[in-house]
Every structure is written in C-alpha cells, then in structure tokens.
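Each remark here refers to the structure printed beneath this line.
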Amino acid sequence: MSQRALSKRVCKEKRDFDEMKNAAAEFYRVSRVPQDIERALHELFLHRPADLHGYLADYFANLAAPPRISRVKGRQVYDARGRLSVEAEVYCVVHNKEKVKVICLISMSSAAVSSHLVPESQERTEHVMAAVLWINEPLNSMLKDRNPCDQLKIDDILSTFFMDRCLEEKEVRDRERPDVIPSSSPPQTKEKKIINKGKKSIVEKPFPAVEPQKPVLHGSLAVGSVSLAVAKTGAQIQGIHLYEYIAALRNQEPPAQFHIPVSLVTLLSCGKTSPGKLNLLEEVILIPKVGQQVKQIITMALEVQKEMMRIMNTLTNGGASEAFVRDSGALTVSHERAEQPLDLIAEACTNLGVPLGTQIHLALNCAAHELMDPSKGKYEVATGVLKSPDELVDLYQTLISKYPAVVALIDPFRQEDRDQWEKLSSMIGNSCSLLSDVSYKSQGPPLPGVRGHILKHINETTVSDLIHMTSEQQGSVLMGTTCSEPCSEDSLSDIAVGLGLHYVKLGGLSGAERMTKYNRLISIEEELAQQGILVFKEKHPPPLFPDNPHKHSGTAEGARSGLEEHSSHLIQAHL
C-alpha cells in the first residue's frame with residue numbers, strides 16, 4: 001500500500017472514530033449517563049460497602065426501566081382428574097433480558113360449569129381450546145409491553161376484552177333467533193291456585209319463574225388464568241409472596257399484620273351424586289374454633305373423619321353401606337334423611353371428646369338450586385321426596401333446632417325464592433348465618449337475610465374482581481372447587497390470606513390438589529409467626545358472621561373506588 005493510500009485510510013479511521021466519539025458523547029449527554037455515574041460514585045464513596053460492584057448493581061437496578069410483558073402463552077394441560085385444563089404462562093423482560101416466566105394453572109370449576117359442560121365432552125374441549133386461542137392471539141397482543149405490576153390496568157383490559165366477546169356472542173345469538181323479540185318485562189310466573197281443603201280455601205303463592213341460566217362463554221377461563229399469572233409475576237418481580245402482593249393491592253400499601261383465615265374442612269359429601277336417597281346436603285363442613293393453627297385443624301378433622309369411617313364400617317343394621325372417600329376429598333356414605341349425616345358426625349365427635357357446639361360447629365352446603373324441579377315448583381330433597389319452598393323453610397328450621405351446632409347454611413334456596421330467604425333468616429338468623437354464592441353476579445337486589453357470601457376464583461373472575469367483591473361484601477368465604485383442580489396450583493391459599501378473609505374452604509383432606517393448598521396455608525402461617533406479624537381474628541360466638549360484621553378499613557374503601565369502573569364493565573358483560 002502506498003504512503004498516500006495509507007494516509008487516507010488513517011484519516012478516514014480518525015474521522016470515523018471522532019464521529020463515533022461525538023455520537024457517544026451526545027448519547028450520554030441526552031441520557032444523562034455521566035450525571036448518574038457521578039451520583040453513583042458519590043454514594044459508593046459515602047457508604048464504602050464491602051461489595052463495591054454489588055452496591056453499584058443494586059444502585060443502577062433501581063434506575064432501570066420497569067419490567068414489561070414480552071409475551072403471554074396458553075396451552076392445554078390435564079388437571080388432577082385427567083381432564084382438559086388451561087395453563088397460562090407470562091414472560092417478562094427485566095433489565096433487557098426475558099428472564100421472568102410465571103406459570104398459572106386454572107382448571108374448569110365443576111361447581112361453575114356443571115350445568116353447562118359434561119366433564120368429558122366435546123363442549124369442554126371447545127371451551128379449553130377457545131381459552132388457549134384467546135391467550136395466544138388477542139390477549140398476547142393486547143398485553144405485550146404492559147407493566148406486569150399494573151394489575152388494575154391489566155385486569156381492566158382482560159375484563160373489557162371479555163365484555164366485548166360477550167356482546168359479540170349475544171349479537172350472534174340474536175341473529176340466529178330473529179323471531180325472538182327482546183322484552184324488558186319480568187318473566188311471568190304461574191297464576192295463583194286455590195286449593196279447597198274442607199271448609200277452608202288456601203291460596204297457593206305463585207311459583208317464581210326460574211331465571212335463565214347465564215351460559216359460560218367459551219374461552220372465559222383465559223381471563224381468570226391470565227389475571228392470576230400476571231399477579232404472580234408482579235409478586236415475583238417485587239420479590240414478595242403472592243399474599244403480600246394481593247394485600248398491598250387491596251390496602252394500597254403492605255399491611256403491618258396478617259391473619260390466617262379459618263379453614264373450613266369438608267367432612268361429608270351427601271349430594272345428588274352420592275349413594276343413598278339424600279340429595280339435600282351437598283357438603284357437611286367442619287367449622288373449627290377460632291384461634292387454632294392450621295395443623296391443629298387438619299389433625300382434628302382427620303380424627304373425626306377416621307372415627308366416622310370406623311362407625312360406618314362397623315355398623316351392620318339400617319342398611320348402612322361402607323364409607324369411602326370421593327374425588328372431592330370428603331367422606332361419602334349412603335344416607336336417606338338429612339339427620340343421619342349429622343348424627344354420624346355428632347357420634348364421632350362425642351367419642352373423641354370434642355362434642356359438637358364447643359370445639360366444632362358445622363356448616364351445610366345445600367346447593368338447593370340444583371335440586372329444584374321447575375315443572376313441579378318443588379325441591380327434591382331426597383329421591384322421590386319433594387318439598388315446596390315453604391316446606392323447605394320448615395325443614396331447615398326443624399334441623400337447626402335439633403342440631404344447634406349447625407351455624408351456617410350455604411345456598412339453602414335458589415335466588416328466586418326471596419320470600420323464603422327472608423322468612424328463614426327471621427326464624428334462625430340469631431343462631432345460623434345464611435350464605436349465598438356471589439361468584440356469578442345477580443341482576444337483582446341483594447338477597448334478604450344473607451350475612452355471608454361465597455367467592456370462587458373461576459372462569460372470567462380476575463384478581464381485581466376478588467378484591468372488589470371482598471371490599472363490597474360484609475363477610476366472605478373463599479371456596480375452592482371440590483374437584484377438577486391442578487395439583488401444583490396453591491395460589492388459592494395466598495389469595496385468601498391476601499384478601500384478609502375470615503374463612504377459606506379448601507375441600508376435604510384427600511388428594512394432592514387440596515393438600516397442596518393446605519400445606520401452603522401452613523407454610524404462610526409459620527412464616528408470619530416467625531416474623532412476629534401473625535394475629536388472630538377476634539373470637540365471636542355463632543353464627544358464622546355476626547349481625548354487623550366488621551367492615552373493611554378505609555384503605556379498602558380506596559381499593560373499592562379504584563376498582564368500581566372495572567367491576568361495572570364485567571357486570572355489563574352479563575346483561
């Protein structure tokens with residue numbers, strides 16, 4: 001190479017270097033990097049830490065851009081019973097690297113979709129496939145680059161998306177049924193009947209028409225699963241537990257103390273699918289004395305269950321059959337009348353030296369809406385035994401009078417039987433609480449006489465929905481589904497603690513999908529005790545909730561106002 005060519009090359013390299021140096025200087029100036037480095041070095045000199053580079057790493061980490069969602073992925077998996085379920089994965093970019101991956105398993109709740117989907121059916125498959133499609137396509141695009149710690153905004157996006165899908169589905173149904181004219185008038189009820197009994201004429205009250213059951217929109221599982229996966233992501237990014245994260249969302253700041261909700265344990269299953277004629281009591285639930293540790297509650301419940309099995313398996317008269325544990329994790333025996341399972345529990349508790357009404361009380365999950373025969377206007381409380389709503393009131397009153405240890409009835413009537421809710425509450429309300437499932441929001445006014453509410457994290461329910469509902473309701477019990485749950489998902493325990501609930505029902509004491517949740521509750525309790533921030537709720541006598549349950553604090557009021565618009569969107573989606 002000639003001297004002239006070499007000189008030109010050197011000059012070009014120098015110009016390129018100068019240009020790059022000037023560009024770098026401008027980049028650093030605009031980005032204020034020299035100032036940040038100067039402040040970092042100043043702080044480093046003042047603190048003089050042992051780990052110089054670790055200190056600098058933490059310092060600049062606080063200046064880093066907030067994390068963002070890079071992608072959301074959904075796929076089909078199988079739950080604990082081998083049924084199709086949905087898994088949601090959230091990937092995030094943190095410090096320029098995609099290194100946060102949180103998996104959330106959500107399965108279809110049998111309690112939520114039993115009237116719509118057969119456990120092993122083509123409709124169930126379509127439901128799961130639609131949810132996976134929602135996650136992988138529209139929701140993935142809508143949540144890309146969102147801050148995973150902005151739970152309220154993300155839940156609002158999810159609920160708005162669900163509302164739009166509901167409206168689209170409604171338009172499709174309306175086009176397919178052009179002959180149907182929408183009407184704002186209430187549904188008609190049967191005319192009053194006059195029944196002659198001797199010299200007296202009794203006017204039978206009209207039977208309230210059955211409200212049309214809201215269909216489960218295919219794909220709705222995507223909303224609840226993604227919401228929970230995002231919440232778990234936010235907690236992981238902030239380096240805290242999920243219950244702490246949810247508590248901070250609910251109270252707008254991390255609380256100084258926590259309490260563990262009292263575990264309600266399912267002892268017996270006596271519903272329509274159990275052997276024997278009895279339909280009325282879907283579940284008989286143990287309510288332990290407030291102030292016990294989770295381990296103590298589990299030990300006591302297992303002893304009661306073991307004693308019940310011993311009694312049933314040694315009983316030979318009365319046509320009794322051998323007791324066994326069902327998929328729900330609860331003991332199942334063949335019963336004909338509602339008194340029999342309660343007598344069995346009472347005998348077992350007496351044998352163990354823990355009589356009912358002292359250390360142990362009971363709740364009855366009646367699930368009466370599943371027992372109604374609309375054509376007859378009566379509840380089939382046992383095979384071939386029908387009761388009118390008023391007759392069912394008398395049955396409950398007699399049962400509570402005979403068994404004062406029963407301090408809660410869950411869904412004793414369908415929601416349409418408002419008069420009977422009020423009548424029963426006036427009769428037994430001083431000793432027994434009536435609880436209603438509010439997982440699906442009712443169009444009508446609150447049910448009279450209801451003191452507590454059942455919440456479930458199912459389908460399109462978001463984390464923000466749960467926070468809103470627990471802020472609105474006077475007393476709440478978070479219930480897990482009895483079956484069809486993933487074994488590895490224990491988030492329900494964190495949710496119950498984070499929401500500050502009085503009670504949580506995780507099901508029977510059998511099956512990995514339930515024991516995982518109980519073990520997680522034990523772990524949280526031990527951790528809080530070690531930190532010295534575990535407190536116990538104030539003890540109170542029956543019923544399950546007092547007349548005027550303690551309202552949530554003013555911080556919850558702030559959470560309520562912040563979530564009000566979001567919740568109204570979801571309610572409108574059901575109209």
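The values are calculated or read from the model by the stated rules, or taken from the named source; none is laboratory data. Note that the coordinates shown come from a computational prediction; the quantities given were computed from them, not determined experimentally. Don't worry about glycine lacking a Cβ; one is built from the backbone with ideal geometry, like all the others, and counts go over all protein chains shown. We work out accessible area using only protein heavy atoms, side chains counted, and drop any ligands, DNA or RNA first. Shrake-Rupley method; radii C 1.70, N 1.55, O 1.52, S 1.80 Å.
Could you pull out the residue among Pro404, Pro412 that is over 28 Å from Val216 (Cα atoms) and assigned to a loop (DSSP other than H, G, I, E, B)? Can you show your working first?
Working: Pro412 fails: over 28 Å from Val216 (Cα atoms).
Of Pro404, Pro412, the one residue that is over 28 Å from Val216 (Cα atoms) and assigned to a loop (DSSP other than H, G, I, E, B) is Pro404.
Quick one: which residue in Asp145, Asp155, Asp164 is within 20 Å of the chain's Cα centre (by Cα) and among the charged types (D, E, K, R)?
It is Asp155.
For the range 511-558: of the residues being polar (S, T, N, Q) and at pLDDT 80 or above, which is surrounded by the most Cβ atoms within 10 Å (Cβ to Cβ)? Give the derivation first.
Taking the range 511-558 as the starting set, the residues that turn out to be polar (S, T, N, Q) are 516, 519, 523, 530-531, 548, 553, 555.
With the extra rule that they be at pLDDT 80 or above, the set shrinks to 516, 519, 523, 530-531.
Values: Thr516: 20, Asn519: 15, Ser523: 15, Gln530: 9, Gln531: 10.
In this case the residue turns out to be Thr516.
Considering only the range 28-60, state which residues are outside any helix (DSSP H, G or I) and open to solvent by 60 Å² or more (accessible area, probe 1.4 Å).
Arg32, Arg48, Ala50, Asp51
Return the only residue of Leu392, Leu386 being over 17 Å from Glu283 (Cα atoms), among the aliphatic types (A, V, I, L, M), touching a strand residue (DSSP E or B) at 6+ places or on another chain (Cβ under 6 Å) and open to solvent by 10 Å² or more (accessible area, probe 1.4 Å).
Leu386
Within the range 348-365, can one find any residue that is assigned to a helix (DSSP H, G or I), small (Gly, Ala, Ser) and at pLDDT 90 or above?
Yes - at least one qualifying residue is present in the range 348-365.
Could you please tell me which pairs satisfy a Cβ distance under 6 Å, a separation of 6+ or placement on different chains, a first residue in the range 284-301 that is within 16 Å of Val406 (Cα to Cα), and a second residue that is open to solvent by less than 10 Å² (accessible area, probe 1.4 Å) and of a type in the set (S, T, N, Q)?
Sorted first by the residue in the range 284-301, then by its partner, the pairs are Ile285/Thr266.
Among the residues of the range 372-383, which ones are part of a loop (DSSP other than H, G, I, E, B) and either small (Gly, Ala, Ser) or open to solvent by less than 10 Å² (accessible area, probe 1.4 Å) (or both)?
Selection gives Ser375, Gly377.
Go through (1) touching a helix residue (DSSP H, G or I) at 6+ places or on another chain (Cβ under 9 Å); (2) modelled with pLDDT of 90 or more; (3) acidic (Asp, Glu) one by one and return the number of the condition Glu485 breaks.
(2)
Here is a list of conditions, (1) farther than 11 Å from Ala405 by Cβ; (2) open to solvent by 10 Å² or more (accessible area, probe 1.4 Å), and Ala348 meets all of them except one; can you say which number that is?
Among (1) farther than 11 Å from Ala405 by Cβ; (2) open to solvent by 10 Å² or more (accessible area, probe 1.4 Å), the lone unmet condition for Ala348 is (2).
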